[in-house]
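The values are calculated or read from the model by the stated rules, or taken from the named source; none is laboratory data. It should be emphasised that the depicted structure is a prediction, and the values quoted were computed from it without experimental measurement. Neighbour counts are summed over all protein chains in view; Cβ atoms, including those assigned to glycine, are modelled from backbone coordinates with ideal geometry.
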Amino acid sequence: MSKHQLRAAAAALFAIMGFVGAYAQGGVSPDQVPYGNDYCFGLDLSFVRRAEQRGTVFYDTDGTERSPWEIFRSHGYNWGRLMICSEPSYLGQGIENVVENARELKRNDYHFALDYMISDDWSNPMRQPIPKSWEGLSPQQLEQALHDFIYETMCRLRDEGLMPEIVQVGNEVSNGTLWPSGRVFYGDEKKDRSQWKQFTDYLKAGIRAVREADPEGKVRIMLHVDFGGDVNFTDIFFSKMEEYGVEYDIIGYSYYPWSHGTLMDLRDNLAYAIRRFGKPVIVVETGFYSYPSDYFEKKGYQAAFPETPEGQKEWMQAVNDIVMAAPDNMGLGVFWWEPMYRGRGFFDDETHIVKPIVDAFRRYTMPAVRTDGNPRVWDFEE
C-alpha cells in the first residue's frame with residue numbers, strides 16, 4: 001500500500017471514529033432517529049439573530065410563524081456555522097455574539113462549526129486585512145496575537161459548554177492571511193513574492209491555539225479555500241501545506257457556480273483532493289440565486305439550473321450528490337452561504353416565507369422520528 005493510500009485509509013478511519021464515537025459511547029438511545037449520523041447538512045447561521053432583532057417575522061412552508069433556527073432544523077439541517085471576528089468589528093461577530101448564537105445552536109440541537117475570519121472585517125481571496133487593533137505589529141507579534149485571540153475565545157466557548165466540533169483557522173485563505181506579510185501569489189509574475197513560510201506560521205499559531213484549548217483533541221481543524229472546482233490550485237496549495245508541515249483534519253471548499261467551474265469540475269477536484277492528500281472534504285460554502293442574477297440570466301449566461309426557487313433547490317441537491325459520491329465516503333457535507341441573504345437566501349424577500357430549498361435534503365433526513373409505533377430497542381421480555 002502506498003503512502004497516499006495509507007494516508008487515505010487513516011483519514012477515513014478518523015472520520016468514522018469521529019462520527020461514530022460521538023454517540024456510540026453512551027449506549028443506544030431507544031427513541032433516537034436518525035441514528036446519530038452527523039453528515040453536514042449545513043448553513044451559515046451567523047446573521048439569523050440580527051434578522052430577528054430587526055423584528056422580521058419568518059414563516060414555514062405551511063405559513064406558520066417560526067424562528068429560522070426552528071424552521072431549518074425541522075427540515076433536516078443539522079449543522080450551523082458561525083463566523084467570529086476580532087474586535088471591535090462593524091460586522092458584529094465578536095465573541096459575545098458568537099456565544100449567544102452558539103446557545104441557539106445548542107437549544108435547537110445543531111452541530112457547531114466555527115469560522116475564524118482572522119480579521120475584524122470580511123476576509124476572502126480578494127482581501128485579508130489585518131485587524132485594526134493589530135496594525136503595526138511585527139509578523140512574530142501577529143502570530144502571538146492570533147494565537148492568543150483564538151485560544152481565549154475557544155476557552156470561553158469551552159467554559160460555556162459551547163465547544164465547536166469543527167474550527168476553520170481562516171476564511172477562504174487561498175491567497176494567504178494577514179496581508180501583506182502572509183500573502184501568497186500564484187501567477188508567474190508575482191509567485192516569487194509569496195510568503196508561504198509566514199502564512200503557514202500564522203496558520204500553525206492558530207491551530208496550536210485550538211489544540212491547547214481542546215486537550216482532548218475532539219475538535220477537527222478545517223483549512224478553507226475558495227477554489228472548489230480547481231485541481232491545479234488544490235495541488236499547489238495543499239502541497240505547500242505538506243511542505244511547511246501544517247497539520248489539519250479537513251479540506252473545506254467554497255464552490256459558487258459563477259466563480260468555481262462546473263459540477264464536473266467540483267467532482268474531479270474533490271476526488272483529487274481526497275486521493276492526493278488523504279483528507280475528507282466539505283463544501284463549506286455554496287449558493288445560488290432564486291431569481292435572475294447579475295451573474296447569469298441578466299448577463300445572458302446559462303447556469304446549470306434555472307434561477308428560480310426550484311432551480312436553487314436543485315443546485316443544492318446537485319452539489320450535495322457530488323459530495324456524497326466522493327471517494328471512500330470522505331465527502332462530509334455541504335453548507336449554504338447564506339440563508340438570510342437577499343436573492344440567494346432561504347426566504348422570499350417580500351413575504352419571508354421559506355423557499356423550496358429548505359427541503360433540499362428531505363430524501364436523506366426524513367423521517368425524523370420512528371413512525372411505526374415500535375421502539376428502536378426491543379429490550380422487553382414476554
Which residue out of Arg81, Arg156 is part of a helix (DSSP H, G or I) and either aliphatic (A, V, I, L, M) or at pLDDT 95 or above (or both)?
Arg156
Looking only at region 166-180, count every residue that is in a loop (DSSP other than H, G, I, E, B) and under 12 Å from Val225 (Cβ atoms) and tell me the total.
4
Filtering region 323-353 down to residues that are buried (at least 23 other Cβ atoms within 10 Å of the Cβ) and of a type in the set (Val, Ile, Thr) yields Val323, Val334
Tell me whether region 348-367 contains one or more residues that are small (Gly, Ala, Ser) and without any contact (Cβ under 8 Å) to a residue 24 or more places away in the chain.
no
Give the residue that is farthest from Arg275 (Cα to Cα), with candidates limited to residues of region 325-359 that are small (Gly, Ala, Ser), part of a loop (DSSP other than H, G, I, E, B) and modelled with pLDDT of 95 or more.
Gly345
Do you know which residues across region 134-153 are closer than 13 Å to Asp120 by Cβ and touching a Leu at 6+ places or on another chain (Cβ under 9 Å)?
Trp134, Ala145, Leu146
Within region 68-80, how many residues turn out to be without any contact (Cβ under 8 Å) to a residue 40 or more places away in the chain and surrounded by fewer than 18 Cβ atoms within 10 Å (Cβ to Cβ)?
1
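Residues are listed down the side, and each one gets a yes or a no for (1) closer than 22 Å to His111 by Cβ; (2) of a type in the set (A, V, I, L, M):
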| position | (1), (2) |
| --- | --- |
| Val323 | yes, yes |
| Ala360 | yes, yes |
| Arg370 | yes, no |
| Pro375 | no, no |
Quick one: is Thr365 among the hydroxyl-bearing types (Ser, Thr, Tyr) and modelled with pLDDT of 95 or more?
no
Do you know which of the residues in region 244-296 that are within 15 Å of the chain's Cα centre (by Cα) and polar (S, T, N, Q) is farthest from Val184 (Cα to Cα)?
Thr286
One residue from Trp69, Trp79, Trp134, Trp122 being among the hydrophobic types (A, V, I, L, M, F, W, C) and touching a His at 6+ places or on another chain (Cβ under 7 Å):
Trp79
Suppose we filter Val57, Val28 for residues that are surrounded by fewer than 18 Cβ atoms within 10 Å (Cβ to Cβ), hydrophobic (A, V, I, L, M, F, W, C), part of a loop (DSSP other than H, G, I, E, B) and modelled with pLDDT of 95 or more; which single one remains?
Val57
Within region 170-180, does at least one residue satisfy the condition of being under 16 Å from Asn124 (Cβ atoms), touching a residue at least 24 places away in the same chain (Cβ under 8 Å), surrounded by fewer than 18 Cβ atoms within 10 Å (Cβ to Cβ) and not small (Gly, Ala, Ser)?
yes
